[in-house]
1. When the residues of segment 279-301 are narrowed to those that are part of a strand (DSSP E or B) and farther than 30 Å from ALA112 by Cα, which ends up modelled with the highest pLDDT?
2. Do the conditions hold for ILE341, that is, is it open to solvent by less than 50 Å² (accessible area, probe 1.4 Å), touching a Lys or Arg at 6+ places or on another chain (Cβ under 8 Å), modelled with pLDDT of 90 or more and farther than 30 Å from LEU420 by Cα?
3. Do we have any residue at all in segment 115-125 that's modelled with pLDDT of 95 or more, surrounded by fewer than 18 Cβ atoms within 10 Å (Cβ to Cβ) and in contact with a Pro (Cβ under 9 Å, 6 or more places away or on another chain)?
4. Kindly check whether there is at least one residue in segment 315-335 that is over 30 Å from GLU238 (Cα atoms), open to solvent by 50 Å² or more (accessible area, probe 1.4 Å), assigned to a loop (DSSP other than H, G, I, E, B) and not acidic (Asp, Glu).
5. Which ones in segment 240-276 are over 26 Å from the mean Cα position of the chain (by Cα), farther than 30 Å from ARG115 by Cα and either part of a helix (DSSP H, G or I) or among the charged types (D, E, K, R) (or both)?
6. For segment 368-383, which positions are over 12 Å from SER167 (Cβ atoms) and of a type in the set (D, E, K, R)?
7. Would you mind finding the one in THR142, THR168 that is more than 30 Å from GLU48 (Cα to Cα), among the hydroxyl-bearing types (Ser, Thr, Tyr) and either open to solvent by less than 40 Å² (accessible area, probe 1.4 Å) or assigned to a helix (DSSP H, G or I) (or both)?
8. Does TYR392 satisfy the condition of being in a helix (DSSP H, G or I), in contact with a Leu (Cβ under 9 Å, 6 or more places away or on another chain), modelled with pLDDT of 95 or more and open to solvent by less than 60 Å² (accessible area, probe 1.4 Å)?
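The values are calculated or read from the model by the stated rules, or taken from the named source; none is laboratory data. Just so it is clear, the structure is predicted and the values come from calculations on it, not from any experiment. Glycine also receives a Cβ, built like all others from the backbone with ideal geometry; neighbour counts cover every protein chain displayed. Quick note on the areas: whole protein, heavy atoms, side chains included, nothing else; ligands and nucleic acids left out. Shrake-Rupley method; radii C 1.70, N 1.55, O 1.52, S 1.80 Å.
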Amino acid sequence: MHTQKLILLAVLLLHLFTASAQEQPDIKLSCEEIETLFLQNNLELIAEKYNIGIADAAIIQARLWDNPTLSVSNVNLWSTKAQEREINDPPHSSYLKNTEFSIELSQIIQTANKRGKLIRREKVAKEIAQQEFEDVLRGLKTELRKSVYEIQYAQAYIDVLVNQQNSTNPLVEAYKKQVQQGNMAKGELLRLQSSLLELENEINGLRMELAQQEKTLKVLLNMNPQTHIEIIDKPHKEKNPEQLTLSDLLQQADEYRPDMKQYRLQTQFHRESLEYEKSLRTPDVTLSANYDRYGGVWKDFVGFGVSIDLPFLNRNRGNIKAAQLSIAQNLSREQQQQNIILHEVAAAYNNYTQTYRFYKKIEENSLLPELDTMLELYTKNLLNKNISMLEYVDFMEAYRSNKQTVLSAKKELTMQFEELQYLVGTDIQ
């Protein structure tokens, strides 16, 4: 029996040790640390970066010469006595020595600088791959930052509600005692408990939203799903839109937007393709050297040759025309994208300006610095019966509403600023 107890205790301790080892500790991260982890660990970025390596490989391939061609033909695997007498060889010569065969080595030489033009085209393709990577990075970074802002908002609002809950719990306990002693009607206690349940329900809902945002953030950071992230930074102070100039933002967007660069590079790619297709009109030259044994007048013949296509029937007109049309098509798309970008930036700037003004108006007129003090006062006054339950509940709703309005306005401001940075294509300094 004693041995069984020792075994059971050992198993229990092992289980507790394993469970504690598997638990992931809470992690406190700043916004800067989050972005560093994102750049290092995000799997979509890592996968997208491979496209740049693939484009590099295409450049390497374009630099290579075509392989030479070696052909062996006209091999005569048998010969008669009469044929051997005709070539005047001694009667006991070896069989292979009298065998007829020919060998040819040929090498194609590209003309009209086809290889150089193909290399230039592939270099443009690499630049397009780089801008595609930048575009993916831009989108994911915006998603990351917005997720961080959502988490900061949820964490801050939960703190507000928990503070309110901590103030209400002692009141509920005090009212319960008063009801048990018969000094108070149950109606006021029920009203207070109902308010507390509503508060707890809102906290639970926020925690579910927070878990959803944390999930998004952990996927972006490629972190263990059991890890809990706490963001220690406060939302940063945004720029006054009066310090920004719309014309400057439009110019930056035209200069920095990766999608705009892609359209311009795509036009350049089609131009390089046109030059390459034009070069294909010039036929390549094939140089050859061959050795022939017993295939003609001489026993051993060594010859050299050159061959070239005659460009009469195929001048690559179709591909050249397609490349010309591709340039015109992409120029139209480039202008359309530029027009879209200008309108997007202008709309985002106006939205940010309005959001900033609204937030400043709330910040200037808000009673936020006094609310926490007022919460303590209202709680004490209710306990001392200096105010009614209705007044207390109304204040609690106003307290929560005011806090939520300020936090929501701050979150919306940071979201609009991030959207503006996304549409400009670079961080606004």
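1. My answer is TYR291.
2. It is false that ILE341 is open to solvent by less than 50 Å² (accessible area, probe 1.4 Å), touching a Lys or Arg at 6+ places or on another chain (Cβ under 8 Å), modelled with pLDDT of 90 or more and farther than 30 Å from LEU420 by Cα.
3. no
4. The answer is yes, given that some residue of segment 315-335 is over 30 Å from GLU238 (Cα atoms), open to solvent by 50 Å² or more (accessible area, probe 1.4 Å), assigned to a loop (DSSP other than H, G, I, E, B) and not acidic (Asp, Glu).
5. The answer is PRO241, GLU242, GLN243, LEU246, SER247, ASP248.
6. GLU370
7. THR168
8. no
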